[in-house]
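The values are calculated or read from the model by the stated rules, or taken from the named source; none is laboratory data. Only a predicted model underlies this, so the values are computations on that prediction, with no experimental measurement involved. All Cβ positions, glycine included, derive from the backbone under ideal geometry; neighbour counts span all protein chains shown.
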Amino acid sequence: MKKLVKGNEAVVIGALVAGCDAYYGYPITPASEIAQAASEYFLPLGKVFIQAECEVGAINMVFGSAASGLRTLTASSGPGISLKMEGISYLAGAQLPCVIVDVQRVGPGLGNIGPEQSDYFQVVKGGGHGDYRTIVLAPASVEETYRMTIEAFDLADRWRTPVFLLTDATLGQMMEPIDICQEPVHKVDKPWALDASPESNRNLVTSIYLDFDDMEAHIERLHENYRQISKTEARAEVSGAEDPQIVLTGYGITSRLLRSAIETLDARGIRAALIRPQTLWPFPTAIYQGSVKPGVPVLAVEMSRGQFVEDVRLALPKHQVSWYGRVGGNLPELEQIITQVERCLQEVSNA
Amino acid sequence: MPKVFQKSAAFFETFERKPGMQKTTHYCPGCGHGTLNKIIADQVAELGIQDQTIFVGPVGCGVFIYYYFESAGVSAAHGRASAVATGISRSNPDAIVISYQGDGDLAAIGTSNAIHAANRGENMIVFFVNNNVYGMTGGQLAPTTLLNQKTTTSPFGRSQSNDGFPLRVAEMIAGLDAPTLVARVGVNNPRNIRQASKVIKRGLEIQRDKKGYVFIEVLSQCPTNWKKNPQQACEWIDDVVSKQYPIGVLKDLADERGALERPRKEADFAAVAELLGLDAEAETVDKEMILPYEEMRFKFAGFGGQGVLSLGMMVAKMSMKRHLEVTWLPSYGPEMRGGVANSSVVAGKTPISSPVVDAPNVLVALNRPSLEKFGPLVPDDGLIVYNSSLIDQVPDGLKGKVHALPATDLAAAAGTVKAANVVVLGFIARLTGIFELSDIEAFLRETFKKPALLEVNLKAVSTGWDAAGDI
């Protein structure tokens, strides 16, 4: 059953289909439609919805709900995500599953409400204190925003970890049809959760281990989990020419612009391929290494000043990896991308 | 009443969660926390609510409260216990939720969360342990530190000019409408302990009966950081502290309040589908759409309020119902507040790459700034429709085929200038051949439920359609 919805609304519909029980949030452009849709749909269905007093309050209510075993959602944009980061560290430390959406806007500081991808380091590399990771999914369409929200809840439960959905102002505000059907939902038993039953009333949800060796063992447990996630959950979509002269790479909305660029390049006789990471942590390093032949140049395009490109360079240390990006709320224009591609190819032929 | 020296049944027999010294607590000798823990445990045991009780621990001296209580426990971040307790309470409507917080935690870093949990009337009981200092971190100044009291960060004594006045939190909470019971008690002498036991029992009964939010401030002695012996510390509460923070019940509405139930329900897919109105959305039109371009790349632009976003949305929805791939991308934010607004729609038979329309093959410009901004981007084979009611001068050098449409005037004649966007819809549908007039009319009937509004829009769309017939 198709419905034309904004990316932000698709998050909420995905959450409903995934059996999400609780939403806690705070208004911020360009993510507010998520809280609005959640208030409209969660309350009539008997689910929990609270507009919290602040982002910090919202993420800590998420902590309480997640500790209670509920599938729990929150969403915000850069400035709000900064405020949530302390709570996200606690969620990771206490191994609590939940889904957090960052509809990226322009930063630093107040920035503006246009699209950017400059929360990459904050979201992908941690952001909060301590030695933790979170799974980060990067949808490129409204339909994928919907699907990945459903999947995010499964991943969060399976690995007992917070999962980020990293979108941006463009994806959040644009409308595309989504196909809403009953989807298989993989809810798991949570014997560790606090559900006010006699069976659970000796459970303890905490991230503090006073004894140094106990704490080290706990961190090691987290990292064993991260190793398993890295092995099994990294994903990327590879498309375009089979024997490319150049590989373009970008995530989220940027990958859509790159797809258009590849079509234009094809019409002009230049073979280009696209690698679009669908998970940013774990980063799909093996897919990069398996898809880019030696000597083929790579152009990473992002709406930030060289964050995402760092991971591409780590994945492809022997390749020429160039960077192009626009910030401030601007999307890279098609002709600008083409010009950058031509520059890269020229540099290779000069070398 | 249980024997004074008997260990409460609500405590663990030995404190195995505690690393080392598992027969004693981590509290300093003479500390009020131990006494308060004992009172709470006794009352929890007496009410038989131990198995439903969930303790939310703070950061501060109460951080290890889960060492002692044989109930479910959770550690919150500093100041966040009331927010965490909110999540737990809403998720577990049957739980007895106890948020145990100190004065740094609740009255400084977590004030906002504490006040708002109280104001929502959450089903929870908050113990606010006021010992005038940050105990755990080494006796620093707290919002509750008394005037002239020396601490490790007020070495010359709390000064009103530098640090302000001691904060009376119970009075603040009692000023709110939602809380059911607000009280201040002491645990420094037998009389105060007996009174505290009564108040705490009442607070827990309110929780058992789901009658809302309870706040109990507990004046607690901290001999270590006060640099007093336990006896002096207990006396100092009577002689000095309780003068600033009077003991007593500030508010008790338990007898007049009913249960505040916040039940949760599970919703299956059928319930979700019904709420989303999926059946109505599912109606599709089995008509092959004839597209004049391989991919339609529309730009609809005008003043905010001229309906350019909804015009794009109508085109997008109708395209979707005809099984096309479609994207709709709005301009938004500052641009929408009175400036130039626009929406971009891409529709085609194959998946759409970029939703951004840099070079529209159909441009609708409802005001002059829009025509000047986007007109030059239209390629040779593109169409430009401009609102000749408001635009008297067309820029030179436009490449696409230019059509004048007095959209505002035609809409006004149809009944309202607000329908200018629907006039345009009729016009471009006929011009490009993408929709039949009857298709749009059917769509408008689904969209506009109010008869008067529908009538105006039907008139508007046929006016636009007719105008395109003259070309």
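Of note:
- A:Gly69 vs. criteria without any contact (Cβ under 8 Å) to a residue 24 or more places away in the chain, buried (at least 24 other Cβ atoms within 10 Å of the Cβ) and of a type outside the set (Val, Ile, Thr): no
- Condition check for B:Lys228: more than 41 Å from the chain's Cα centre (by Cα) and surrounded by fewer than 20 Cβ atoms within 10 Å (Cβ to Cβ): yes
- Which listed residue is within 11 Å of chain A (Cβ to nearest Cβ) and either part of a helix (DSSP H, G or I) or at pLDDT 95 or above (or both), from B:Ala41, B:Ala77, B:Ala45: B:Ala77
- Check on A:Gly290, at positive phi, outside the structural domain of A:Val163 (by TED's automatic domain parsing), of a type outside the set (Val, Ile, Thr) and free of Cβ contacts under 8 Å to residues at least 24 places away in the same chain: no
- Selected residue (criterion: farthest from the other protein chains (Cβ to nearest Cβ)) from residues of the stretch A:45-89 that are basic (Lys, Arg) and part of a loop (DSSP other than H, G, I, E, B): A:Arg71
- B:Ile237 hydrophobic (A, V, I, L, M, F, W, C), without any contact (Cβ under 8 Å) to a residue 60 or more places away in the chain, touching a strand residue (DSSP E or B) at 6+ places or on another chain (Cβ under 8 Å) and closer than 24 Å to B:Asp105 by Cβ: yes
- The stretch A:203-216: number of residues that are more than 7 Å from chain B (Cβ to nearest Cβ) and closer than 24 Å to A:Pro97 by Cβ: 4
- Condition check for B:Ala174: under 21 Å from B:Glu261 (Cα atoms), of a type in the set (A, V, I, L, M, F, W, C) and surrounded by fewer than 21 Cβ atoms within 10 Å (Cβ to Cβ): no
- Residue tally, condition in a loop (DSSP other than H, G, I, E, B), of a type in the set (Val, Ile, Thr) and over 24 Å from A:Arg71 (Cβ atoms), over the stretch A:201-237: 1
- Wholly enclosed helices (runs of 4 or more DSSP H) of the stretch B:110-184 bearing at least 1 residues modelled with pLDDT of 95 or more and away from every other protein chain (no Cβ under 14 Å): B:160-163, B:169-174
- The set of residues in the stretch B:83-109 that are more than 21 Å from B:Ala183 (Cβ to Cβ) and outside any helix (DSSP H, G or I) comprises B:Asn92, B:Pro93, B:Asp94, B:Ala95.
- On inspection, A:Tyr24 qualifies as of a type in the set (Phe, Trp, Tyr) and either buried (at least 24 other Cβ atoms within 10 Å of the Cβ) or modelled with pLDDT under 95 (or both).
- When restricted to residues that are under 19 Å from A:Cys98 (Cβ atoms) and facing chain B (nearest Cβ under 7 Å), the stretch A:25-44 contains 1.
- Scanning the stretch B:250-273 for residues that are within 14 Å of another protein chain (Cβ to nearest Cβ), buried (at least 16 other Cβ atoms within 10 Å of the Cβ) and small (Gly, Ala, Ser) yields B:Ala267, B:Ala273.
- Residue ID - farthest from the other protein chains (Cβ to nearest Cβ), chosen from residues in the stretch A:1-24 that are among the aliphatic types (A, V, I, L, M) and assigned to a strand (DSSP E or B): A:Val5
- Whichever residue in the stretch B:337-346 is touching a Gly at 6+ places or on another chain (Cβ under 6 Å) and touching a residue at least 40 places away in the same chain (Cβ under 8 Å) and, among such residues, is farthest from the other protein chains (Cβ to nearest Cβ): B:Ala341
- Some residue of the stretch A:254-262 being of a type outside the set (A, V, I, L, M), outside any helix (DSSP H, G or I) and in contact (Cβ under 8 Å) with a residue 40 or more places away in the chain: no
- Total residues in the stretch B:207-245, condition out of contact with any helix residue (DSSP H, G or I) (no Cβ under 9 Å at 6 or more places or on another chain) and of a type in the set (A, V, I, L, M): 2
- Hits in the stretch B:276-318 (condition: under 26 Å from A:Gln182 (Cβ atoms), buried (at least 18 other Cβ atoms within 10 Å of the Cβ) and touching a residue at least 60 places away in the same chain (Cβ under 8 Å)): B:Lys317
- Boolean, B:Gly60 is modelled with pLDDT under 95 and within 14 Å of chain A (Cβ to nearest Cβ): yes
- Summed over the stretch A:149-184, residues that are in a loop (DSSP other than H, G, I, E, B) and facing chain B (nearest Cβ under 9 Å) total 5.
- Of the residues making up the stretch A:302-351, those that are of a type in the set (Phe, Trp, Tyr) and within 19 Å of the chain's Cα centre (by Cα) number 1.
- Which listed residue, of A:Pro198, A:Pro139, is exposed (fewer than 15 other Cβ atoms within 10 Å of the Cβ) and in a loop (DSSP other than H, G, I, E, B): A:Pro198
- The residues of the stretch B:80-100 that are surrounded by fewer than 24 Cβ atoms within 10 Å (Cβ to Cβ) and either at the interface with chain A (Cβ under 8 Å from one of its Cβ atoms) or among the aliphatic types (A, V, I, L, M) (or both) amount to a single one, B:Asp94.
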